[in-house]
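A short worksheet on the structure shown next.
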Amino acid sequence: MSLTLVVMAAGLGSRFGGTKQLAVVGDSGEAFLDFAIVDALAAGMEKVVLIVRSDIEDDLRRHVSAQHPELDVAYVLQDTHGPSRNKPWGTAHAVLTAAPEVPDRFCVVNADDYYGRSTFAALAAAATDLPDDRALLAGFRLGQTLPEVGEVSRGICGVDGTELVSLVETHGISRGDDGVITSNDPAGVLTDDAVASMNCWVFAPSLFGHLATEFDRFIAEHGHDETSEFLLPTVVDSLRTAGSYTVGIVPTDEPWVGVTNPDDLEIARRRIATVRT
């Protein structure tokens, strides 16, 4: 069984104000996606696919060639698939566009998140003999995924043993001065040990058929909405709820690092310097 790394790098980065996928966070000019590539290959993944937009393809190619000169990367242009619009159709659509470049099981990650060495190693080990009707999701400790300032959204996972039993997109999560983590949609108090999804998955190629069917349905219902998104967690959880899929949680103690606004960059660089020692 081979395992491919699929990196979703076609986002607009509207709040960041630029190509967040290429924001330099490492001492040697690395972007977040470079750490994902290095860590995935070290974990035994054999191929790298980057999902990009046409307008940033050349910049990404130059960057990846400079950081990984010996690596043969496959590039997929998300904006050339499906109906045309300015905003990408979402993460589930991004993965669907990568289907022709994915020969077997594959790991999906965001280009602008840091997941950590041991996360990829754990997912690769757990993916051995992965059935067609099962997915894996890296489960982060919520307390390890919070920025130093501001609020974030996270997929909060309900877990029974190692099985995902619910996935609730939760917004306005922050830690107060008293150390308590709260959210405002849905409103509540969360624990540091709550399991959070950071959109780091492993799938069998059978997922592509489900995505194609669901994307056709999505376009029929939302194709004229410029803001609607066809999201990977939503599709996977609907498959799980329907009994078509099971989802195993692969726990990780790695700290998440990411950026939303330009002011987050210095914090991210400091944290990366710490975790990559």
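Values quoted throughout were computed directly from the atomic coordinates according to the rules given, and no laboratory measurement underlies them. Quick caveat: nothing in here was measured; it's all calculated off a predicted structure. Methodologically, a virtual Cβ is constructed for each residue, glycine included, from the backbone with ideal geometry; neighbour enumeration extends over all protein chains shown.
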* How far apart, in nm, are two points set 7 Å out from the Cα along the Cα-to-Cβ line at Asp253 and at Leu71? -> 2.7
* FRET efficiency estimate (nearest 0.05) - Cβ-Cβ, Ala187 to Ala42, R0 30 angstrom -> 0.15
* Determine the distance separating the Cα centre of the stretch 222-277 from the Cα centre of the stretch 40-96; give it in Å without decimals. => 17
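Tell me what the chain gives for mean residue ellipticity at 222 nm when only DSSP H runs of n ≥ 4 count, each as -39,500 (n - 2.57), the sum divided by the residue total, rounded to 500 deg cm²/dmol.
Values: 7 runs with 76 residues, N = 277.
Rounded to the nearest 500, it is -8500 deg cm²/dmol.
For the pair Glu221 and Ala126, what calculated FRET efficiency results from E = 1/(1 + (r/R0)^6), where r is the Cβ-Cβ distance and R0 = 25 Å, to the nearest 0.05? Walk me through the numbers before you get to the answer.
Numbers: r = 34 Å, r/R0 = 1.38.
The computed FRET efficiency comes out at 0.15.
Could you give the length gained on full extension between Thr277 and Val149, defined as 0.36 nm per residue of separation minus the Cα-Cα distance, in nm? Before the final figure, lay out the partial values.
Working: separation 128, 0.36 × 128 = 46.08 nm, distance 2.39 nm.
Taking Thr277 through Val149 to full extension adds about 43.7 nm, to one decimal.
For the stretch 1-84, state which trypsin sites (Lys or Arg not before Pro) are in a DSSP loop and have at most 12 other beta carbons lying within 10 Å of their beta carbon.
Arg15
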